[in-house]
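Derivation of every value follows stated rules applied to the coordinates shown; laboratory data play no part. These figures come from a predicted structure and were not determined experimentally. Backbone-built Cβ (ideal geometry, glycine too); neighbour counts: all protein chains shown.
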Amino acid sequence: MKSEPGRITVKNSSDRTVYINLAHDPDVSISEVVGGQLHSKVAIEVKGGTDVSNAHNRAGEAEKSHLKSRKKGFRDFWTIISKQGLDLAKLKQESQTTTEWFDVTALLARSGEDWEAFQARLAGAVGIPIG
């Protein structure tokens, strides 16, 4: 593993290079080098704030970013957002491109179903075992 400002580089279980980048649009991206070609795998939008009345705006912002990421070749789109007190079906209407929704509170606390799901999905996307 190599860490530098804005990027973590790892070798996965298949001995391929995987980049985890911190940036804007998307906030976090996961790309893998396969056969000498860089493949964009996962675009992650992190939407802070816990104000329920503004949650749909945050989901809409995530959707805009995910649509840009789709044009760049990403295949998977995750949104990290406060899900407390929200109807997930309504959020899904605001960001139809999002393929996975994770609760920011659970991820920060590193506990709960969303944390467990996030760890599993991240390990799969990067191609490394958990544990």
- Cleavage-rule hits, trypsin sites (Lys or Arg not before Pro), segment 43-131, DSSP coil, Cβ neighbours within 10 Å at most 13: LYS72, ARG75, ARG110
- Computed lengthening from VAL28 to ARG110, 0.36 nm per intervening residue step minus Cα-Cα distance: 27.7 nm
- Quick one: give the max-minus-min coordinate of the C-alpha atoms of the chain along each principal axis, largest first, in Å. 45, 33, 25
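Could you compute the FRET efficiency for ARG7 and THR50, with r as their C-beta to C-beta distance and R0 at 35 Å, rounded to 0.05? Kindly include the intermediate steps, with their values, before the conclusion.
On the way: r = 29 Å, r/R0 = 0.83.
Efficiency, from the Cβ-Cβ distance: 0.75.
If you take every DSSP beta bridge whose two residues both sit in the chain, what share of them, in percent to the nearest 5, is antiparallel? The partial results should precede the final answer.
Values: 20 of 30 bridges.
Around 65 percent antiparallel, to the nearest 5.
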- Nearby lysines by direct alpha-carbon distance to LYS64 (threshold 28 angstrom, same-chain neighbours under 8 apart not counted): LYS41, LYS47, LYS72, LYS83, LYS90, LYS92
- Message: Just to be sure I understand: with springs between alpha-carbon atoms less than 10 Å apart, which residue in ALA59, ALA106, ALA43 has the highest mean-square fluctuation in the Gaussian network model of the chain?
- Response: ALA106
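Quote the relative contact order of the chain in percent (integer), defining contacts as alpha-carbon pairs under 8 Å separated by 6+ residues. Don't skip to the end; give the middle numbers.
On the way: 227 pairs, mean separation 25.6, N = 131.
Value for the chain: 20 percent.
Among HIS39, HIS24, HIS66, which comes first, second and so on when ranked by fewest other beta-carbon atoms within 10 Å? Intermediate results must be reported in sequence, preceding the final value.
Values: HIS39 15, HIS24 6, HIS66 25.
Listing HIS39, HIS24, HIS66 from fewest to most nearby Cβ atoms yields HIS24, HIS39, HIS66.
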